[in-house]
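Notes follow once the structure below has been shown.
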Amino acid sequence: MKPALVHTRLSGRTMAFVLAGGRGSRLKELTDTRAKPAVYFGGKTRIVDFALSNALNSGIRKMAVATQYKAHSLIRHCQRGWNFFRSERNEFLDILPASQRVDDRWYRGTADAVSQNIDIIDGYEIDYLLVLAGDHIYKMDYEMMLEQHVDSGADVTIGCLTVPREEASAFGVMDVDETGRIIAFIEKPADPPGTPDDPDMTLASMGIYVFSWPFLRELLRKDAEDPNSSHDFGTDLIPMIVKGGKAVAHRFTDSCVKSTPEAPAYWRDVGTIDAFWKANIDLTDFVPDLDLWDHTWPIWTYSESVPPAKFIHDEEGRRGTAVSSMISGGCIVSGTEVRNSLMFTMVRTNSYAVLDHAVILPYATINRYAQLKNVVIDRGVIIPERLVVGEDPEEDARWFRVSSGGVTLITQAMLDRRAAALS
């Protein structure tokens, strides 16, 4: 009698490789000193925490984060917040800067970031490589995508969003047959293809790929030697596999993690000031689409040791209150009216100030009588007394960055230039 086979989750044989080296230039001054994946989000987390948490919650205990531009705060965050892996249990999180350890080049593209670390990946003896973008907000069980990859016999499985055709021109999109096999990969097409089940919808790439490691390893070796390649997954490798191999689409709706069956499938690219502001403000809704309170699928991060938030003063016109808002630990709301706003760790507000639809990053200070509406305040900014923002767009644009959607970004450098000009 043959012994029973022991079932092991595919996640235990998988490494998550997070691409976190992007410049994030559309976030303007928010990425002057930090890479996009290191940008703060949701009161206490950073954007990269979502990809890493999804991997951890999916059962993956082998991870790597490839960094390149302005990586210090990202590296420091990973060292402080993701240092709980135990190598004796075959767990790890490697930080892989573009350190020119293979030759004298930085990472030339997303595929090259993996190519330059082939020897490191080989050392962990994995069967599958899960390639992730480190700059999106979502919850997803990668084990389900891994299972589809193995069951379908695909060379690559690509995570896909289902988006309206009229919105799909901003994405790399998939034309698929009835079985889900990708028959064409088109980058930002003017006329996106529909899906077999709904001609008004299109499958757009999430920048999430599953490969069998031996297959990808050989493909990367060939790509590295091709002088005509840009060494990018979306530009070079994926179209090559679609043409000569088997590429399969995995729909995000099949593996997204939701608080209730009725909740929408939540995925956001917070790559612009407007998108970043809105995604944070949306968390203050009565029932937000993104559930950060779900203990079954937590978003892990570095948690500073800070005291609880405090609200002080109870006088007419000088009352510390917050309505439909999220207030993080260490904050002191001192005689300030806060509405529909999100305050990150250790923010201090002072008497007679008013905050309305404000996203305030850690360690900022709002001084007396300031009135701020539809704003993003960068980390550590000191807002001067009586500053009014959000009432006069032309005046705001003289000193600060005002987005196309009317959101004002304020950094300390902007305030310093304003103070010098007005002195």
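The values are calculated or read from the model by the stated rules, or taken from the named source; none is laboratory data. Here the structure is a predicted model, which is why all the values come from computation and not from measurement. For neighbour counting, all protein chains shown are included, and Cβ atoms are generated from backbone atoms with ideal geometry for every residue, glycine included. Quick note on the areas: whole protein, heavy atoms, side chains included, nothing else; ligands and nucleic acids left out. Shrake-Rupley method; radii C 1.70, N 1.55, O 1.52, S 1.80 Å.
In region 134-154 there is at least one residue matching the filter, namely being modelled with pLDDT under 95 and either under 24 Å from the mean Cα position of the chain (by Cα) or buried (at least 24 other Cβ atoms within 10 Å of the Cβ) (or both). Does Leu146 satisfy the criteria of being in contact with a Phe, Trp or Tyr (Cβ under 8 Å, 6 or more places away or on another chain), within 30 Å of Ile281 (Cβ to Cβ) and touching a residue at least 60 places away in the same chain (Cβ under 8 Å)? Answer is no for this residue.
On inspection, Phe185 passes the criterion of being crowded, with 19+ Cβ neighbours inside 10 Å and in contact with a Pro (Cβ under 6 Å, 6 or more places away or on another chain). Of all residues in region 229-259, those that are of a type in the set (Val, Ile, Thr) and open to solvent by 60 Å² or more (accessible area, probe 1.4 Å) total 2. From the list Leu361, Leu355, Leu342, the lone residue that is free of Cβ contacts under 8 Å to residues at least 60 places away in the same chain and not basic (Lys, Arg) is Leu355.
Among Ile126, Ile95, Ile75, Ile118, which is open to solvent by less than 10 Å² (accessible area, probe 1.4 Å) and of a type in the set (A, V, I, L, M, F, W, C)?
Working: Ile126 fails: open to solvent by less than 10 Å² (accessible area, probe 1.4 Å); Ile95 fails: open to solvent by less than 10 Å² (accessible area, probe 1.4 Å); Ile75 fails: open to solvent by less than 10 Å² (accessible area, probe 1.4 Å).
Every option except Ile118 fails the conditions.
Residue count for region 256-279, restricted to those that are farther than 20 Å from Gly405 by Cα and assigned to a loop (DSSP other than H, G, I, E, B): 10.
Listed here are the strands (runs of 3 or more DSSP E) enclosed by region 280-381 that have at least 1 residues being more than 23 Å from Arg268 (Cβ to Cβ) and open to solvent by less than 50 Å² (accessible area, probe 1.4 Å): 321-323, 332-334, 337-339, 354-360, 371-377.
So, restricting to strands (runs of 3 or more DSSP E) that lie completely within region 1-101, which ones have at least 3 residues that are farther than 28 Å from Pro214 by Cβ and more than 18 Å from the chain's Cα centre (by Cα)?
none
Within the option set Gly153, Gly172, being in contact (Cβ under 8 Å) with a residue 24 or more places away in the chain, under 25 Å from Asp226 (Cβ atoms) and out of contact with any Cys (no Cβ under 7 Å at 6 or more places or on another chain) holds for one residue only, Gly172. The number of residues in region 229-255 being outside any helix (DSSP H, G or I), small (Gly, Ala, Ser) and closer than 22 Å to Gly22 by Cα comes to 2.
Out of all the residues in region 80-94, is one or more among the aromatic types (Phe, Trp, Tyr) and without any contact (Cβ under 8 Å) to a residue 12 or more places away in the chain? Yes, region 80-94 contains a residue that is among the aromatic types (Phe, Trp, Tyr) and without any contact (Cβ under 8 Å) to a residue 12 or more places away in the chain. If you check Val150, Val156, Val173 for being in contact with a Pro (Cβ under 8 Å, 6 or more places away or on another chain) and β-branched (Val, Ile, Thr), only one passes: Val173. Here is the figure for region 399-420: residues that are more than 30 Å from the chain's Cα centre (by Cα) and either outside any helix (DSSP H, G or I) or touching a residue at least 12 places away in the same chain (Cβ under 8 Å) (or both) total 3. Beta carbons closer than 6 Å, at least 6 apart along the sequence or on distinct chains, pair a first residue in region 298-310 that is among the charged types (D, E, K, R) with a second that is surrounded by 14 or more Cβ atoms within 10 Å (Cβ to Cβ) for Glu304/Thr345; Lys310/Ile332.
On the given criteria, is Ala190 surrounded by fewer than 20 Cβ atoms within 10 Å (Cβ to Cβ), at pLDDT below 95 and at negative phi?
Values: surrounded by fewer than 20 Cβ atoms within 10 Å (Cβ to Cβ): yes; at pLDDT below 95: yes; at negative phi: yes.
So Ala190 passes the test.
When the criteria are applied in full, Arg386 fails the requirement of being within 26 Å of Thr45 (Cβ to Cβ), part of a loop (DSSP other than H, G, I, E, B) and open to solvent by 70 Å² or more (accessible area, probe 1.4 Å). Checked against the criterion of being touching a Lys or Arg at 6+ places or on another chain (Cβ under 7 Å) and either open to solvent by less than 30 Å² (accessible area, probe 1.4 Å) or part of a strand (DSSP E or B) (or both), region 212-228 has no qualifying residue.
The residues listed here are Asp291, Asp378, Asp314; of these, the one that is of a type in the set (D, E, K, R) and more than 27 Å from Cys78 (Cβ to Cβ) is Asp314.
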